[in-house]
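The values are calculated or read from the model by the stated rules, or taken from the named source; none is laboratory data. Just so it is clear, the model here is predicted, and its values are computed rather than measured. Cβ atoms come from the backbone with ideal geometry, glycine included; neighbour counts cover every protein chain shown. For accessibility, only protein heavy atoms count, side chains too; no ligands or nucleic acids. Shrake-Rupley method; radii C 1.70, N 1.55, O 1.52, S 1.80 Å.
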Amino acid sequence: MSHLREEKKMENYKKIIITAISMVIKYEPIKLARLVRTYIKDNFLHEGEILENNDVKLIFTDQSTVVFDKSGNIVLKTFKGK
């Protein structure tokens, strides 16, 4: 039962992280790298990358992926399920 609770907790963290990253891209893009490094250090994100077209790609520790455009809108989401 606790494994299911941990998965639910991680899904909630993903939603919070996605919202936070979107807001930072829109309003404080200069702080994006610091925020991504913090999430990586805290083991929520595996990697964060700025693509050639200035989109931002996040890879979570469970290999789920979210890509934001330069305005902070989500352009791609792939969540890994069981």
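How far is helix 32-41 tilted, in degrees, relative to the longest principal axis of the Cα atoms in the chain, given as a value from 0 to 90 rounded to the nearest 10?
With both axes taken from Cα atoms, the answer is about 20 degrees.
Quick one: accessible surface of ASP69, probe radius 1.4 Å, all protein chains present, in square angstrom to the nearest 10.
40
Would you tell me the accessible area of LYS57, worked out with a 1.4 angstrom probe on the heavy atoms of the protein chains, in Å² to the nearest 10?
The accessible area of LYS57 comes to roughly 60 Å².
Kindly report, to the nearest 10 Å², the accessible surface of SER2 as traced by a 1.4 Å probe over protein heavy atoms only.
80
Quick one: give the max-minus-min coordinate of the C-alpha atoms of the stretch 22-82 along each principal axis, largest first, in Å.
34, 24, 20
Using only Cα atoms, tell me the angle between helix 2-27 and the longest principal axis of the chain; keep it within 0 to 90° and round to the nearest 10.
10
Heavy atoms only, probe 1.4 angstrom, no DNA, RNA or ligands counted: give me GLU6, GLU52 ranked by accessible area, highest first.
Descending accessible area places them as GLU52, GLU6.
Using 7 Å Cα-to-Cβ label points, what is the PHE79/ASN12 separation (nm, one decimal)?
1.4
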